[in-house]
1. Restricting to segment 140-159, name every residue that is open to solvent by less than 20 Å² (accessible area, probe 1.4 Å) and near the ligand (Cβ under 7 Å from one of its atoms).
2. Name the residues in segment 40-63 that are assigned to a loop (DSSP other than H, G, I, E, B) and over 19 Å from Glu167 (Cβ atoms), would you?
3. Please go through segment 217-242 and pick out each residue that is aliphatic (A, V, I, L, M) and away from the ligand (no atom under 13 Å from the Cβ).
4. Taking the options Arg88, Arg118, Arg74, name whichever one is within 16 Å of the ligand (Cβ to nearest atom), in contact (Cβ under 8 Å) with a residue 24 or more places away in the chain and open to solvent by 50 Å² or more (accessible area, probe 1.4 Å).
5. Would you confirm, using the coordinates I've provided, whether Thr22 is closer than 25 Å to Leu298 by Cα and not hydrophobic (A, V, I, L, M, F, W, C)?
6. Could you list, in sequence order, all residues of segment 355-393 that are more than 8 Å from the ligand (Cβ to nearest atom) and among the hydroxyl-bearing types (Ser, Thr, Tyr)?
7. In this structure, is Gln257 of a type in the set (S, T, N, Q), out of contact with any strand residue (DSSP E or B) (no Cβ under 7 Å at 6 or more places or on another chain), under 22 Å from Leu34 (Cα atoms) and surrounded by 19 or more Cβ atoms within 10 Å (Cβ to Cβ)?
8. Among Leu188, Leu137, Leu172, Leu101, which is the only one that is within 16 Å of the ligand (Cβ to nearest atom), open to solvent by less than 10 Å² (accessible area, probe 1.4 Å), under 20 Å from the mean Cα position of the chain (by Cα) and in contact (Cβ under 8 Å) with a residue 12 or more places away in the chain?
Amino acid sequence: MRLEFSAEDEAFRAEVREFVRTHLSPRLKRKAELGLRLERADYVEWYTHLYERGWITPSWPKEAGGPGWTPLQRYIFDEETLTGGAPRIIASGINMLGPVLNAFGTPEQKARYLPGIRRSETWWAQGFTEPGAGSDLASVRTTAVLDGDHFVVNGHKVWTSYAHWCEMMFALVRTDPHAKPQEGISFLLIDMKSPGVELRPIRMLEGGTDLNEVYLDNVRVPVGNLVGELNKGWSYGKYLLGHERTGIAGIGSCKQQLARAKALGKQQGLAGDPLFEARVSRFEIELMALEFTGLRMLSANQQSRVPAVEASMLKVRGTELRQAIYALLADIAGPEGIAFDQAALLDQAGHEPPSPEELIAVAANYFDARKLSIYGGTNEVQRNLISRAFFNA
Ligand SMILES: Cc1cc2nc3c(=O)[nH]c(=O)nc-3n(C[C@H](O)[C@H](O)[C@H](O)COP(=O)(O)OP(=O)(O)OC[C@H]3O[C@@H](n4cnc5c(N)ncnc54)[C@H](O)[C@@H]3O)c2cc1C
């Protein structure tokens, strides 16, 4: 079965593919092939090409610098960039804060913050989750108390991705402790260099430190950094999460990793092995079903974004599939993939690891993929949303 796209969409696909081929450096492409972790400078290298081409902010309105793509073109862009080996757009300023500021920010906030986001000069952390306020985000306890022309912020955020790379953080804070949980929350922009902001890295399962705790101790934030209305932050946060979840199915990433698994299987002598081939075929079928579902939703809804419950369905299936493909990669690597810390593979004399280069990151990638069913709203919570929509329909 083959998917049919319009001639216009096929031309767009060819344009994106050619752009990736001619602009992505072999160094970055190789990192993607090997599943190696990327640094901020790696992302900025690729984002600068996208910025210059006018493609860095696919989810922004055209008048704010977005490319004016249809949802289907955004889908094609994601697929072609990822399967071509380019880094994903992970910057929260681009994916999350930008749409919120475009919709609810003051002219001063837009003028001050949006250009730095588009040029990848200013990186933003998402300061929503706290100990005791993850799935139940309305329980945020970080407080912001008005003191003259500043808020004074006290609290503790956790699981804050890439905060150590970020100059700024957008945060949900409690500004009315007496209101109902969802009604006393505001949306604040906090300078990470302010006195009283302290970061503590969280060591992850695969050894990385992309995540952080952020402690806020009497941090003074100008009132001009309040987004929208006081105590209305919950609705801006929900608007933002809708943007976060769309695209989180990662169909492009599934394709990228399945292609990697096939190449690795061949390299490890598994081509023609009936069990291996059957497993790959099953994933191909499941991926095709997921892709058809995603496209069906997009075509029913060409002009607007994927609605929330469908986004939840895609998130659950897409992340489960990605985790299963990473498990396949780990199985292909077998014992050679066990020592995922490269240094552990060096012998006493410091010789090169005996495993092929292609296997070095496989175990780390497997462990790292555990997060897929947690962030952006856990899969259990997504299932609740799906069942509620089903029974209320
Ligand atoms: C890699 C990674 C990056 C992240 N980046 C950020 C970030 O940049 N900024 C940010 O603010 N947050 C971030 N998060 C936090 C993420 O949004 C939360 O981890 C997530 O919302 C779950 O919250 P929690 O960790 O507090 O778990 P909890 O909400 O305590 O959940 C614990 C368990 O209980 C289950 N559970 C909870 N409620 C229900 C329910 N009603 N029904 C059924 N099961 C339920 C959950 O599914 C889970 O299995 C990140 C998380 C990860 C793993």
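The values are calculated or read from the model by the stated rules, or taken from the named source; none is laboratory data. Nothing here was measured: the structure is a model prediction, and the numbers come from that model. Glycine gets a Cβ as well: all are built from the backbone with ideal geometry, and neighbour counts include every protein chain shown. The protein model used for the area step is the full one, side chains on, heavy atoms only, and it has no ligands, DNA or RNA in it. Shrake-Rupley method; radii C 1.70, N 1.55, O 1.52, S 1.80 Å.
1. Going residue by residue through segment 140-159, those that are open to solvent by less than 20 Å² (accessible area, probe 1.4 Å) are 140, 142, 144, 151, 153, 157-158.
Selection gives Lys157 alone.
2. Looking only at segment 40-63, we keep the residues that are assigned to a loop (DSSP other than H, G, I, E, B), and these are 54-61.
Within segment 40-63, Gly54, Trp55, Pro58, Ser59, Trp60, Pro61 qualify.
3. Going through segment 217-242, the residues aliphatic (A, V, I, L, M) turn out to be 219, 221, 223, 226-227, 230, 240-241.
Those that are aliphatic (A, V, I, L, M) and away from the ligand (no atom under 13 Å from the Cβ): Val219, Val221, Val223, Leu226, Val227, Leu230.
4. Arg88
5. Values: closer than 25 Å to Leu298 by Cα: no; not hydrophobic (A, V, I, L, M, F, W, C): yes.
Considered against the rule, which asks whether it is closer than 25 Å to Leu298 by Cα and not hydrophobic (A, V, I, L, M, F, W, C), Thr22 comes out as no.
6. Of everything in segment 355-393, those that are more than 8 Å from the ligand (Cβ to nearest atom) and among the hydroxyl-bearing types (Ser, Thr, Tyr) turn out to be Ser355, Tyr366, Ser373, Ser387.
7. Working: of a type in the set (S, T, N, Q): yes; out of contact with any strand residue (DSSP E or B) (no Cβ under 7 Å at 6 or more places or on another chain): yes; under 22 Å from Leu34 (Cα atoms): yes; surrounded by 19 or more Cβ atoms within 10 Å (Cβ to Cβ): yes.
Yes; evaluated as a whole, the condition is true for this residue.
8. Values: Leu188 fails: under 20 Å from the mean Cα position of the chain (by Cα); Leu137 fails: open to solvent by less than 10 Å² (accessible area, probe 1.4 Å); Leu101 fails: within 16 Å of the ligand (Cβ to nearest atom).
Exactly one residue qualifies, and that residue is Leu172.
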